[in-house]
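Have a look at the structure below before the remarks.
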Amino acid sequence: MKLKINHQSRIPLHIQAEELLRKLIEQEEYKNGKLLPNEVDLSEQLHISRNTLRQAINHLVTEGLLVRKKGYGTKVAQKKVLSEARNWMSFSQEMKALGIDVCNFELHLSWKQPTGDAAAFFNISPTTRVLTLERLRGKKDNPFVYFISLFNPALKLTGNEDFTRPLYQILEADLNVIVKTSKEEISAGAADEFLAGKLEISPGQPILIRKRFVYDINDCPIEYNIGYYRADSFTYTIECLRK
């Protein structure tokens, strides 16, 4: 597969590299375990620095799509076994059920280009900027989860909404959007320097990565959410009924 960066584009080089890598790892040969080309060869082929390429690779490693082993190389991560829970709750509802008072340590709003997964989920161009909500949340004494929520631009959110209110309350009360279904992917990962700083752990420590693909009552995609949890502070339990 021929990989080519558009150096005249306004899209940052690391984002272009990330999207090219996403296409590359969908190739059957890489799904079957073939190692990705080494960073020196890839950076020369794309005419970008190794630091720029490493930024793209690190993002895919954090998402659990790639596995990198020192002295061995980088390859596509094996697909995880998925389990379905019949009922789901928002984070605030989960914590309330556990008797935990949620503390919001940080809240950031911005307009960003979506990741490849999010763009595909919303069926939009990866160059379309979407409202992105980032929140650091946890107990009063320590944060234990960093959430990134991207919203379908069809919702017409402005960014001026009061996001200190429960998210799904905003969607229902302000936009008449009723959230119904959540499809989830759970995986394990290691904290990079950014997440380690947010979660107050050391880089490389284990974290739980929880992706949510949220739909409304009409099965329209509403929210793409990734939660990065401290592994020592959160346990995800699934109850299944045998048929």
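Every number in this text was worked out from the coordinates using simple rules, so none of it is lab data. Note that this is a predicted model, so its numbers are computed, not measured. Here the Cβ positions follow ideal geometry from the backbone for every residue, glycine too, while neighbour counts run over all protein chains shown.
GNM remark for the chain: springs join alpha carbons under 10 Å apart, and the peak mean-square fluctuation among ARG54, ARG165, ARG210 falls on ARG165. Placing dummy labels 7 Å off each Cα toward the beta-carbon, the span from GLU106 to PHE194 is 1.0 nm.
Taking the alpha-carbon centroid of each part, what is the distance from region 165-234 to region 17-35 in angstrom? Measuring centre to centre over Cα atoms gives 25 Å. Apply the a/c threshold of 1.5 to the C-alpha gyration tensor of region 121-180 and tell me whether it is rounded, prolate or oblate. The shape class here is oblate. From the coordinates of this entry, log10 I(q)/I(0) by the Debye sum over Cα atoms at q = 0.12, 0.14, 0.15 Å⁻¹ is computed, and it appears in (i) -0.77, -1.05, -1.19; (ii) -0.69, -0.93, -1.06; (iii) -0.88, -1.06, -1.15 under the label (i). Cross-linked pairs LYS180/LYS211; LYS34/LYS69; LYS140/LYS198; LYS2/LYS23; LYS34/LYS70: no Cα-Cα separation exceeds 18 Å.
Provide THR52, THR127 in ascending order of the number of other Cβ atoms located within 10 Å of each residue's Cβ, fewest first. Walk me through the numbers before you get to the answer.
Working: THR52 17, THR127 13.
In increasing order of surrounding Cβ atoms, one gets THR127, THR52.
Most exposed first by the Cβ proxy, i.e. fewest other Cβ within 10 Å, how do LEU199, LEU208 rank?
LEU208, LEU199
Plainly put, region 108-243 has a radius of gyration that is 0.98 times its Kirkwood radius, both from alpha-carbon atoms, as the Rg/Rh ratio.
Please report, in debye to the nearest 20, how large the charge dipole of region 91-230 is about its Cα centre when each Lys and Arg carries +1 at its beta carbon and each Asp and Glu carries -1 there. The dipole magnitude comes to about 60 debye. Only loop residues by DSSP count here, and only those with at most 10 other Cβ atoms within 10 Å; note down the trypsin sites (Lys or Arg not before Pro) in region 114-144 that meet that. Loop-located and lightly packed - LYS140.
Could you work out the relative contact order of the chain? I mean the mean sequence separation of Cα pairs under 8 Å and 6+ apart, divided by the number of residues, in percent.
Computed over the chain, the figure is 15 percent.
Given contacts defined as C-alpha pairs under 8 Å and at least six residues apart, what's the relative contact order of region 13-76, whole-number percent? Before the final figure, lay out each step's value.
Values: 57 pairs, mean separation 26.5, N = 64.
Taking the mean separation of contacting Cα pairs over the length of region 13-76, I get 41 percent.
One decimal place: the segment LYS156-GLU29 gains 41.7 nm when fully extended, by the rule 0.36 nm per residue minus the C-alpha distance.
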